[in-house]
1. Which value, in nm² and rounded to one decimal, describes the direction-averaged projected area of the C-alpha convex hull of segment 43-127?
2. Under a Cβ-Cβ cut-off of 11 Å, what is the net charge of the residues other than residue 82 that fall near it, where Lys and Arg count +1 and Asp and Glu count -1?
3. At 0.36 nm per residue, and after removing the present C-alpha to C-alpha distance, how many nm does the segment from residue 181 to residue 160 gain when stretched out fully?
4. Leaving out ligands, DNA and RNA, and with a 1.4 Å probe, what % of the accessible surface on segment 57-150 is carbon or sulfur?
5. Any of 117/185; 156/185; 100/162; 100/188; 100/185 with alpha carbons more than 29 Å apart? Name them for me.
6. Using DSSP to call loops (not H, G, I, E or B), can you name the trypsin sites (Lys or Arg not before Pro) in segment 56-114 whose Cβ has at most 12 other Cβ atoms within 10 angstrom?
7. How much length is gained on full extension from residue 174 to residue 91, taking 0.36 nm per residue of separation minus their Cα-Cα distance?
8. What does the net charge come to around residue 55 if you take all other residues with beta carbon closer than 11 Å to its beta carbon, with K and R at +1 and D and E at -1?
Amino acid sequence: MKVNKKGRYLQFGGPVGDPKKESTGYAKLDARLARLAEEQASDTSNYTMSSADRIQRQRMMETGGEKDPDRAVSPAGAQGYWQIMPTTRMDLENRGLVPKGMDPFNREHSRMMRDAKINALSRLQFIANPPQQIPEVNRLARIYASYNHGEGNTRKALERAKAEGVNIYDDPRLWLPYLPSETQKYVKAILFD
């Protein structure tokens, strides 16, 4: 700090008192901001905890605006009530997770494929057994992001976030920005909105 002609200390171009005798209040402000940030970042309990509510929200994100959701086909080719991609259906059939010949336009078949996909995702290493323990909401965010954007893409997004110093093991809202905006909206609508 500089001292002006009158013996007053200057900070950011203006006079202040002797820093050895006078607190500027920054320490208190920094401590309060750190407490607030900690409270906000660590709140992983404020999400949709009811499985039935999450399923309803996911259904609304998949085909909620369709006149006939059972016959819905997305621009990407996802089909039926739960918007199952043909490659997903084949993968589930080939792995023996659903019977062969299921019809994505049949609501019950579509639900069975959706459940099989969610169950398969929940067993993936980066979801079921990550290197560090994760809260349930983070696990669910990984599942829904993978359902919407693909498990490989979600894993890559987590790796990018981690490489940039983001804590990918706590509140998922910290790593969601590494996903496409459509997937961010999807996960947030199911878990947080």
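The values are calculated or read from the model by the stated rules, or taken from the named source; none is laboratory data. Quick caveat: nothing in here was measured; it's all calculated off a predicted structure. Note: ideal-geometry Cβ built from the backbone for every residue, glycine included; neighbour counts use all protein chains shown. What goes into the accessible areas is simple: the full protein's heavy atoms, side chains included, and nothing from ligands, DNA or RNA. Shrake-Rupley method; radii C 1.70, N 1.55, O 1.52, S 1.80 Å.
1. Working: hull surface 27.0 nm².
The Cα convex hull of segment 43-127, projected and averaged over all directions, gives 6.8 nm².
2. Values: positive: 59, 89, 107, 111, 114, 117; negative: 62, 70, 108, 115.
Neighbour charge sum, excluding residue 82 itself: +2.
3. Details: separation 21, 0.36 × 21 = 7.56 nm, distance 1.59 nm.
Going from the current span to full extension adds 6.0 nm.
4. Values: 2300 of 4790 Å².
On segment 57-150, the fraction of accessible area on carbon and sulfur atoms equals 48 percent.
5. Working: 117/185 20 Å; 156/185 18 Å; 100/162 39 Å; 100/188 33 Å; 100/185 32 Å.
With Cα atoms farther than 29 Å apart: 100/162; 100/188; 100/185.
6. Details: sites: 57, 59, 67, 71, 89, 95, 100, 107, 111, 114; in loops: 67, 95, 100.
Within segment 56-114, the qualifying trypsin sites (Lys or Arg not before Pro) (loop, at most 12 other Cβ atoms within 10 Å) are 67, 95, 100.
7. Extending this stretch completely gives an extra 26.8 nm.
8. On the way: positive: 54, 57, 59, 111, 114; negative: 53, 62, 115.
Once all neighbours under 11 Å are counted, the net charge is +2.
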